Each structure stands twice: as structure tokens, then as C-alpha cells.
Amino acid sequence: MLFCAGGGRSALAAKALMDMGFTNVAHVEPGFTGWQEAGEEIEDVSATSRWVRRENR
């Protein structure tokens with residue numbers, strides 16, 4: 001499952017993956033922005049995610 005802000009880059013990434021032979025590939029067509037504007041659920045995991053950049057303490 002791929003997504004980006006507007007849906008365009010994730011569509012290209014999904015196509016690239018399919019061209020490489022991956023078969024179970026999908027992307028969020030309206031992008032994150034469209035998902036958010038449609039009122040879909042968004043979970044903020046920034047406080048617990050190891051992928052969020054934080055100041056060194």
C-alpha cells in the first residue's frame with residue numbers, strides 16, 4: 001500500500017513495483033490530502049514512531 005500527498009507519485013511507484021513483478025500492489029488514489037479531506041480516519045503516531053526525527057537528548 002503506497003500513498004503520497006496527492007496520489008500521483010504513489011501511482012508511479014505502484015506501476016514501477018508492478019513492472020518489477022510485484023502483484024499485490026495498491027495506492028491511495030486521492031492521496032493523503034484527499035483522504036484527509038474526505039474525513040477518513042487518521043492516527044497520529046508521531047509520539048511513538050521511531051521514524052520521526054527528534055532532537056538528540
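The values are calculated or read from the model by the stated rules, or taken from the named source; none is laboratory data. Fair warning: this is a prediction, and the values are worked out from it, not measured in the lab. When we count neighbours, we look across all protein chains shown, and the Cβ atoms used for this are built from the backbone with ideal geometry, even at glycine. These accessible areas exclude ligands, DNA and RNA; they are computed on the full protein's heavy atoms, side chains included. Shrake-Rupley method; radii C 1.70, N 1.55, O 1.52, S 1.80 Å.
Being on the phi < 0 side of the Ramachandran plot, part of a loop (DSSP other than H, G, I, E, B) and loosely packed, with under 14 Cβ neighbours inside 10 Å is the requirement here; does V52 meet it?
Numbers: on the phi < 0 side of the Ramachandran plot: yes; part of a loop (DSSP other than H, G, I, E, B): yes; loosely packed, with under 14 Cβ neighbours inside 10 Å: yes.
Answer is yes for this residue.
Give me the pairs: first residue in region 36-55 and modelled with pLDDT under 90, second residue β-branched (V, I, T) and surrounded by fewer than 10 Cβ atoms within 10 Å (Cβ to Cβ), beta-carbon distance under 6 Å, and six or more apart or on different chains, which are they?
S46/V52
What number of residues within region 4-26 are open to solvent by less than 60 Å² (accessible area, probe 1.4 Å) and not in a helix (DSSP H, G or I)?
Summing the residues that are open to solvent by less than 60 Å² (accessible area, probe 1.4 Å) and not in a helix (DSSP H, G or I) in region 4-26 gives 7.
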